[in-house]
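Working notes, structure below.
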Amino acid sequence: MLAELGNFSLIMALMVAILLSVYPMWGAYKGHQKMMAMAKPLAIGMFLFTAFAYFCLTYAFVHDDFSVAYVANTSNSTLPIHYKYTAVWGGHEGSFLLWTLILCVWTLAVALFSKAIPVKVLARVLAILGMVGIGFYLFMLLTSNPFDRLLPFYPIDGKDLNPLLQDFGMIIHPPMLYMGYVGFSVAFAFAIAALISGQLDSTWARWSRPWTLAAWSFLTVGVALGSWWAYYELGWGGWWFWDPSENAAFMPWIIGTALVHSLAVTEKRKVFKSWTVFLAIAAFSLSLLGTFLIRSGVLVSVHSFASDPSRGLFILGLLVVIIGGSLFLYALRASQIKSNGRYGLVSREVFLMGNNIFLTAATLVVLLGTLFPLVHKELGMGSISIGAPFFDQMFTYLIVPFVLLLGIGPLSRWKNQSLQALSKQIMIALGLSLSAGLLVNAGFEQSTYMADLGLVMSFWVIITTVMEVRQRIEPQITAGKYSTWQSLQKLTASHWGMVLGHLGFAVTLIGITLVSAYNTERNVRMAEGDSVNLQGYEFVFKGISQLQGPNYSADVAHVDVYQNSQLVSTLKAEKRFYPVQRNVMTEAGIDSGFSRDLFVALGEQLKNGDWSLRIYVKPFINWIWAGAFIMAIGGVFSISDKRYRMGNLARTASSAKENPKNLMEQAS
């Protein structure tokens, strides 16, 4: 019965989404206050109906209702209870329901926490989010209904959840990733609302910026969690494989990073307006493209869901409508978007635009590298593969100038910057970066040129960030107004967000550099009592034990690790067998530390009773994910800035309402 109620709830959510997309938009066009006021209760209704549908599906999983086709295909009675909750998004239909629920969460948040935004603007934004919701409700009800029944005949037990997804990482990774994906719909809605109204001043950028920062922070954590999960779960020992589904998440993150910076310039300096609108459209468009790639079956990936041509065609049609319609509107309005700010050739605006260009170029590289093999095959030209060497080489070319501008930008001033003064700062920072990077890398045996380059770039970002903070507080200290600590406290939350974002990027870059240059691995054949030495560590194979899990059995390899004859850790690497799906999975044994990971993966048993093992020592690999979390914390700091609190936004809204032609003039 609950499955039917869930299906009915989805139908009702679709009806509410239609009303949300029509009434507030028409009310904004006609200036009808009551119609515009309907936006908030309709947004609440859309969320409640979708949340109830999600509850019904979760109930079916927890109570093993295998008459529901999706439950039968994705769960099993022996599945641990916590995985039954997460199996709701473990397949195609449920993941799309989660996607839509998160869209409703963002819509509800905008409705509840945007009281300071003019009613007309809010009505248009919520109506656009309702239009996006219509497409996804139709997709679920017509092609991917999670409540379809297997009546009158249904299995007594389910096919089980994919063993790859029976992991803690998959409990937290998809919700975080979807929060980022879908969060860009808010920036998209603000941009489209501004295009529709024709009021393309910098006000919309201020209203949109905290929502964009929130989405970017979620996506940063989501991408990092996906990388971490692939590292320890797949047993390959790598942190990024340039898998098509990884690329699908990476592209909106890159363009979202460009959008975050461009919004800051548009808000503060009233320039790059047209470019910022385009980036807002592109960020959400790439999120939708990622949805299409993963769920249409056109790409083969360990992350992708079941393929169905009808589903792929529907999502493709949705892409054409949303992306094509928004770009058409952008083309119509682009001539009206004029930037009023003025700036010289040497200025922060120019350096930020340069970084935007390199980020966009990086997105195009990933996009072409992901789609070209697909297009090549569909044109009947045969199968080709574009792998990691292509992406690694192209990103090396792009990241050097990007990092250079990333350091110079904060040191420069808005409008105009003295080239002589800036050159002096650059030379000091460059000298310190070269010294620090080369000195640190000299501490590693067999240092490489690429490691030198990566560390110098990392320290360049760190040193220029510290110099920028010093440059910001020095006048107050020199004038005797405040102490150093007091001056640091005077810096805005938004400024600290920028500092943490740049430092987090530097930490990630250090991790990428060192693990890429000095990662060591051995594929070995070992009998009980055998040992192997790797980077100063002795790995001793102690033997195999048996383990019976809740829905699997496993061979467990026990490996003691010694350094200088002292026991460092005992690693347990598993080879699990899941009888329902007849799948064998590898669970690596990992000892994580501040400066290295010890990693052991169990291979196959050999003819004479020996076992094959893969052993890795991975220096500073955890810095990759630590840096990502620091970047996300920087985004949270920026959101907490007092400029985005209700009172300040209300004053902005009031000013815009009284004189919409008078653009805001505020800088941090």
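From the list Lys120, Lys40, Lys115, Lys34, the lone residue that is out of contact with any Asp or Glu (no Cβ under 7 Å at 6 or more places or on another chain), under 20 Å from Tyr137 (Cβ atoms) and basic (Lys, Arg) is Lys40. Filter segment 192-218 down to the residues that are assigned to a loop (DSSP other than H, G, I, E, B) and of a type in the set (S, T, N, Q) and list them by number. Result: Gln199, Ser202. Considering Phe47, Phe66, Phe52, the condition of being in the same structural domain as Leu129 (by TED's automatic domain parsing), surrounded by 16 or more Cβ atoms within 10 Å (Cβ to Cβ), outside any helix (DSSP H, G or I) and touching a residue at least 40 places away in the same chain (Cβ under 8 Å) is satisfied by Phe66 alone. Looking only at segment 505-528, decide whether some residue is part of a strand (DSSP E or B), charged (D, E, K, R), more than 30 Å from Pro410 (Cα to Cα) and over 35 Å from the mean Cα position of the chain (by Cα). Yes; the residues of segment 505-528 include at least one that is part of a strand (DSSP E or B), charged (D, E, K, R), more than 30 Å from Pro410 (Cα to Cα) and over 35 Å from the mean Cα position of the chain (by Cα). Being assigned by TED's automatic domain parsing to the domain that holds Tyr29, β-branched (Val, Ile, Thr) and touching a residue at least 40 places away in the same chain (Cβ under 8 Å): is that true of Val121 here? Here the answer is yes, as Val121 does meet what is asked.
Only one residue in Ser418, Ser423, Ser483, Ser447 is under 34 Å from the mean Cα position of the chain (by Cα) and of a type in the set (Gly, Ala, Ser). Which one? That would be Ser447, the only listed residue that is under 34 Å from the mean Cα position of the chain (by Cα) and of a type in the set (Gly, Ala, Ser).
Screening the candidates Ala72, Ala109, Ala123, Ala127 for the property of being of a type outside the set (Phe, Trp, Tyr), touching a Lys or Arg at 6+ places or on another chain (Cβ under 7 Å) and outside any loop (DSSP other than H, G, I, E, B) yields one hit, Ala72. Close contacts from segment 80-104, counting a first residue that is assigned by TED's automatic domain parsing to the domain that holds Leu14 and within 22 Å of Tyr578 (Cα to Cα) and a second that is assigned to a helix (DSSP H, G or I) and among the aromatic types (Phe, Trp, Tyr), with Cβ to Cβ under 6 Å and a gap of 6+ residues or different chains, come to Lys84/Phe61; Ala87/Phe61; Val88/Phe61.
Among the residues making up segment 250-283, those that are touching a Gly at 6+ places or on another chain (Cβ under 6 Å) and assigned to a helix (DSSP H, G or I) are Arg269, Ala283. For residues that are surrounded by fewer than 22 Cβ atoms within 10 Å (Cβ to Cβ) and in contact with a Gly (Cβ under 9 Å, 6 or more places away or on another chain), scanning just segment 604-618, find the one that is farthest from Val440 (Cα to Cα). In this case the residue turns out to be Ser612.
Taking every residue in segment 161-180 that is buried (at least 24 other Cβ atoms within 10 Å of the Cβ) and pairing it with any residue that is among the aliphatic types (A, V, I, L, M) and part of a loop (DSSP other than H, G, I, E, B), at least 6 positions away or on another chain, the pairs with Cβ-Cβ distances below 7 Å are Leu161/Leu79.
The set of residues from segment 539-564 being in contact with a strand residue (DSSP E or B) (Cβ under 8 Å, 6 or more places away or on another chain) and not in a strand (DSSP E or B) comprises Gly549, Asn551, Tyr552.
The values are calculated or read from the model by the stated rules, or taken from the named source; none is laboratory data. Owing to the predicted nature of the structure, the values given are computational and were not obtained by experimental measurement. All Cβ positions, glycine included, derive from the backbone under ideal geometry; neighbour counts span all protein chains shown.
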